[in-house]
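Below is one structure; the comments refer to it alone.
The values are calculated or read from the model by the stated rules, or taken from the named source; none is laboratory data. No experiment lies behind these values; they were computed from the predicted model shown. Ideal geometry is used to build each Cβ from the backbone, glycine not excepted, and the neighbour counts take in all protein chains shown. Heavy atoms of the whole protein, side chains included, go into the accessibility calculation; ligands, DNA and RNA do not. Shrake-Rupley method; radii C 1.70, N 1.55, O 1.52, S 1.80 Å.
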Amino acid sequence: MTYKIAVIPGDGVGPEVVREGLKVLDAVSKIYNLKFDFKTYPFSGEHYLKTGEILPEDALKEMENMNAIYFGAIGHPEVPPGILEKGLLLKLRFYFDQYINLRPVKLFPGVETPLKDKGPKEINFYVVRENIEDFYVGVGCKFKSAKHKSNLFVERKLYKLNFKVETLTEKPIETAYQIGVYTKENIQRVFRYAFEFCRKKGLNKLTCVDKANVLTEIYGLWREVFMEVSKDYPGIETEFGFVDAVAMWFVKNPENFQVVVAPNMFGDILTDLGAIIQGGMGLAPGGNINPEGVSMFEPIHGSAPKYAGKNVANPIAAILAGQLMLEHLGEVEAAKAIEKAVTEVLVEGKIRTKDLGGNSTTSEVGDAIAKKIR
Ligand code: IPM
Ligand code: MN
């Protein structure tokens, strides 16, 4: 069978790390007899500035018939924040209903972690981040209104904060709000995925992250559904953690985690913390997964414009995103081969990029990993 893969290298270091990821996929395809049909798309900040196009409908339609999407990074210094994020990356996640963002937090042997007395044995778990709802739904508004008494005001007065209500109401009031949304069906499928994932990987503990003590409505529902779904999985130990405490435990006791399930925004923040304890952004991949549809695999780092075109970025996160993609496609042996090759190169420690204390180039790291596979 031939796998049809959409490739979106994107901006900054994206094209360089994707190039190395493809190099490794090519090497592994020869050994395991896989056939890939890659189609590269130009969508990026660069492309947007040149053409005004972000992500056209016909490309999305075309990708519906592909087996997966392999994504680099987006973000361009001349494009205002929000345009590419919402128009490209989040658009893809939403359009393909990729409700899971699977982010392994794994410290490879030979890699340093900033955590004292912790090693590969302690830092090895998964974050399952809900990927399409929460504060990412884009419901919000910013407005000015003259002589308007907002609730905010009344409350501030109540709390005896230092506000002169009279003066303020004379001026236009600038207000912004953005709300989070969760739907029961979506939370259900996220937790089901996470529990099934535990079973598949032979893991037996799941941590539910929220802030149900303050955001009682949205995360109250999140937690309710979690408790409901967990009844179907009596063999798996469960625990709750408020996100602030979980952030602390990531640093203090990473060994206590196996599968951590987090709402979208908390998951976003926690996985950057996860990335740094596993040795840095250059090593952290993620999969935007729709188990019944088209999934997308990417390094979780951004476009790092300052390193673009210099052949210095660490391609390992992108290469490991390729590994996640193969695993998702059911090519488990080929995926393992990538992980093994990455491990060997990291343990040897001779060829590594600057972020890991070496001075090898992006392509040298890709070459070394591809060579191990061969
Ligand atoms: C990530 C990124 C994205 C997110 C941005 C670029 C929209 O930070 O993949 O973690 O917030 O999900
Ligand atoms: Mn992020």
Margin query: Give all pairs with beta carbons closer than 7 Å in which a residue from region 225-238 that is part of a helix (DSSP H, G or I) meets a residue that is among the aliphatic types (A, V, I, L, M); count only pairs at least 6 apart in sequence or on separate chains.
Written below: V225/I187
Margin query: If G202 satisfies all but one of (1) out of contact with any Ser or Thr (no Cβ under 9 Å at 6 or more places or on another chain); (2) buried (at least 19 other Cβ atoms within 10 Å of the Cβ), what's the number of the condition it fails?
Written below: (2)
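Listed here are the residues, each with its yes/no results for (1) in a loop (DSSP other than H, G, I, E, B); (2) modelled with pLDDT under 95; (3) surrounded by fewer than 23 Cβ atoms within 10 Å (Cβ to Cβ).
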position	(1), (2), (3)
V18	no, no, no
A27	no, no, yes
D37	no, no, yes
P42	yes, no, yes
H47	no, no, yes
L55	yes, no, yes
D58	no, no, yes
I69	no, no, yes
Notebook entry, point to check: Can we say P315 is over 21 Å from L84 (Cβ atoms), within 17 Å of the chain's Cα centre (by Cα) and open to solvent by 10 Å² or more (accessible area, probe 1.4 Å)?
Noted result: no
Margin query: Taking the conditions exactly as written (within 16 Å of ligand 2 (Cβ to nearest atom) and either in the same structural domain as D97 (by TED's automatic domain parsing) or more than 15 Å from the chain's Cα centre (by Cα) (or both)), does E292 satisfy them or not?
Written below: no
Checklist line | Residue count, region 258-290 (criterion: open to solvent by 10 Å² or more (accessible area, probe 1.4 Å), assigned to a loop (DSSP other than H, G, I, E, B) and closer than 28 Å to I179 by Cβ) | finding: 1
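Quick check on region 276-289. Is at least one of its residues free of Cβ contacts under 8 Å to residues at least 12 places away in the same chain and either away from ligand 2 (no atom under 16 Å from the Cβ) or not assigned by TED's automatic domain parsing to the domain that holds V225 (or both)?
No, region 276-289 contains no residue that is free of Cβ contacts under 8 Å to residues at least 12 places away in the same chain and either away from ligand 2 (no atom under 16 Å from the Cβ) or not assigned by TED's automatic domain parsing to the domain that holds V225 (or both).
The rows are residues; the columns are (1) charged (D, E, K, R); (2) part of a strand (DSSP E or B); (3) open to solvent by less than 10 Å² (accessible area, probe 1.4 Å); (4) within 15 Å of ligand 1 (Cβ to nearest atom).
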residue	(1), (2), (3), (4)
G110	no, no, no, no
L115	no, no, no, no
G119	no, no, no, no
E122	yes, no, no, no
V128	no, yes, yes, yes
Y136	no, yes, no, yes
G140	no, yes, no, no
Margin query: Kindly evaluate I123 against the criterion of being over 27 Å from M1 (Cβ atoms), away from ligand 2 (no atom under 15 Å from the Cβ) and of a type in the set (V, I, T).
Written below: yes
Note to self: Regarding region 86-101, can at least one residue be identified that is open to solvent by less than 30 Å² (accessible area, probe 1.4 Å) and away from ligand 1 (no atom under 14 Å from the Cβ)?
What the structure shows: yes
